[in-house]
1. Would you list, by chain and number, the lysines whose Cα falls below 21 Å from the Cα of A:Lys30, excluding same-chain residues fewer than 8 positions away?
2. With 31 Å as the limit, write out which pairs from A:Lys216/A:Lys355; A:Lys247/A:Lys429; A:Lys159/A:Lys429; A:Lys152/A:Lys440; A:Lys334/A:Lys363 have Cα-Cα distances beyond it, or answer none.
3. If I take every Cα pair under 8 Å that is 6 or more residues apart in the range A:3-479, average their sequence separation and divide by the length, what percent do I get for the relative contact order?
4. Once you charge only the Cβ atoms, +1 for Lys and Arg and -1 for Asp and Glu, what is the size of the charge dipole of the range B:12-128 about its Cα centre, to the nearest 20 debye?
5. Between A:Lys421 and A:Leu27, what length in nm is gained on full extension when 0.36 nm per residue of separation is reduced by their alpha carbon distance?
6. How well do other chains shield peptide B:68-75, expressed as the mean number of their Cβ atoms within 10 Å of each residue Cβ?
7. Toward the positive end of the charge dipole of the protein assembly as shown, about the Cα centre and with charges on Cβ (Lys, Arg +1; Asp, Glu -1), which of B:Val5, A:Ser455, B:Leu43 goes farthest?
8. Provide the net charge surrounding A:Phe261, with neighbours chosen by a C-beta distance below 15 Å and charges set as Lys +1, Arg +1, Asp -1, Glu -1.
Amino acid sequence: MILPVAPLLVPLGTSLLCTLTSNSVQLQRKISLLGSLLLLGTAIVLGVQVADHQSISLASGSWPLPFGIEVVVDRLGALLVFVAALMVLICTLWQMGDVDPAHSSFFYPLLHGLVAGSCAAFIAADLFNLYVWFEVALICSLGLLAQGGTLKHLDATLKYFALNLVGTLLLLTAVALLYGATGHLNFNALAMSVQYVNPAIMQAVTGLLILAFLVKAAAFPFFAWLPASYHTLPAPSLALFSALLSKIGICALIRTLSSIFHPSPEPLLSMLGIIAVLSMIVGVLGAAYHWDLRRILAFHSISQVGYMLLAMALSTRAGDAAAIFFALHHSLVKAGLFLCAAMIFKLSGHYDLRKVGGLYAEKPGLAAIFLLLALSLVGIPPFSGFWGKYLIVRECLVQGEYLWAFLALLVGALTFYSMMKIWLEAFWKPHPSAGWQAAKIVKPIPVTTGLCLLSVIILAIGLFPEPLIGFVNDAANHLRGHAP
Amino acid sequence: MIWAVLIATGTVVATGIYLALSRDLFRCLIGLALLGNGINLVLFSSGRLNTQVPPIIKQAETTLHNAANALPQALVLTAIVISFALLCFSLVLAVRIIQLSGNDDILAIRQAEPPATDSIKPALEEEP
């Protein structure tokens, strides 16, 4: 009965308990670890449930639909909740080590608050509810950003705040106009009533909604908040941001395009395709310019968001499935890469590639994990990224979009350049100063566990992609209903 | 009534956008807050406006006649609370930034993304 809202209640409860115990870091750690494991358990139970039944839902207060505020856990929601649970577990583990952790007693409450906001946004089936959870996630991420307290952190917070607020306001405007036009906020009710509204009005409102989600997903012209803020974060927050924040926008966009406004107006879809291609290219070129590890990886996030948007712009079932698969793969791989960057920082004292080097001789294990994650991001078989890109490129070719397929492969080559730049500079070349000694990691067990866990999952997805591809195909089928 | 709300919304949104585009940090944040309030007005007016009948269903009836929809009013209250919280946060943020940098010109606050000194490679940064 209460199960569908558990992904919201568990992190919210953990966040509250962590706030109450803010004078004891030891206690906070235990609560946080327990909360993360509980969320992971919830996600697995939900996954098993939705694999049996299509989706499970709960309308609050037993109000009949469409009046009750509905929460629906379908396959897409369950998958993203699982990613969130896994990431918050790894971040909690990471925080126990001494590799670039966050130093604040409000880290844990805000971390779980952010997870609560994102998980609730993944499972919300009501537009206004979605807006509220976007705001919860925004407020918690602002707190995590501002924690550093120096001018650099506050400047990043300001940019993040102002640009994300514009996105949120666009979303609120779209909610108001949609409610005025249809009288509904529930996704199912909206999907049924949009056909009775004047198509010109509908196209404008849908465009506004898509625009709002594009700001949240950090797509091409709206991405400025992402590279302005990510590099100021400590490693665990950074990994969580990269895994969850843009996915909130992506998840909402998939739902909007495939189940609410379906079929979406053709001009909007071709615009989305252009935005996707520009995001891919601009992101990867921005990454090629930078030498700071975190900035390189942040720009790659924009480029990878472009791939997901490209898959969505195809507006087919297989395209949706590819976008979901890619979102999952990207969350895990990008978080892992940011954590590797934090290891490089800890060992050699710098995030800038010009000041590091010689790590292959010192830490061959770390080098191997980095190479695995980097090749997965590029899309080399047998890692998870290969299947993500394969699904997208194949669907592009099936739909006759040869230019898009070509550009997707070209951006893959440029991604390879960036990743090899990091590999050569950080691991392969000798360290710039001759008498350099790698710093000692005092508590290596939690961080190593986290990184190995991620790598094993990515390798497993790469070697045995079939169950996951089947799952995301079912998810896409469910989103589009069962009509052909 | 609807025209009054329309003109008010338009004025508030226009003022908000004008101020939000300002280089002055406080004006920019006040502009964003005003923009939020203008959009709250849009949300408010998505229920009916031209009626003063209370939204109570009379006995022996099942539907409301001519009353304003109460749902957007509930939604707008939530939105007001959220935008107020964000306004408070942003003002504290602005005060702290001005204290630390001694400057309220947004273009001069470049600590997170320092301008490039070299045309090919980005500047080397001081680590935290």
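The values are calculated or read from the model by the stated rules, or taken from the named source; none is laboratory data. Every value quoted in this text rests on a predicted model; they were computed, and no experiment measured them. Methodologically, a virtual Cβ is constructed for each residue, glycine included, from the backbone with ideal geometry; neighbour enumeration extends over all protein chains shown. SASA here: full protein model, heavy atoms, side chains in, ligands and nucleic acids out. Shrake-Rupley method; radii C 1.70, N 1.55, O 1.52, S 1.80 Å.
1. Leaving aside lysines fewer than 8 places away in the same chain, those within reach of A:Lys30 are A:Lys443.
2. On the way: A:Lys216/A:Lys355 33 Å; A:Lys247/A:Lys429 35 Å; A:Lys159/A:Lys429 36 Å; A:Lys152/A:Lys440 28 Å; A:Lys334/A:Lys363 21 Å.
Too far apart for the 31 Å limit: A:Lys216/A:Lys355; A:Lys247/A:Lys429; A:Lys159/A:Lys429.
3. Values: 799 pairs, mean separation 75.1, N = 477.
Rounded, it is 16 percent for the range A:3-479.
4. Working: 7 positive and 9 negative charges, 129 e Å.
Here the range B:12-128 has a charge dipole of around 620 debye.
5. Details: separation 394, 0.36 × 394 = 141.84 nm, distance 4.17 nm.
Value of the extension gain: 137.7 nm.
6. On the way: counts 0, 3, 0, 5, 5, 0, 1, 8.
Mean partner-chain Cβ count within 10 Å for B:68-75: 3.
7. A:Ser455
8. Details: positive: A:Arg255, A:Arg480; negative: A:Glu266, A:Asp320.
Result for the neighbourhood of A:Phe261: 0.
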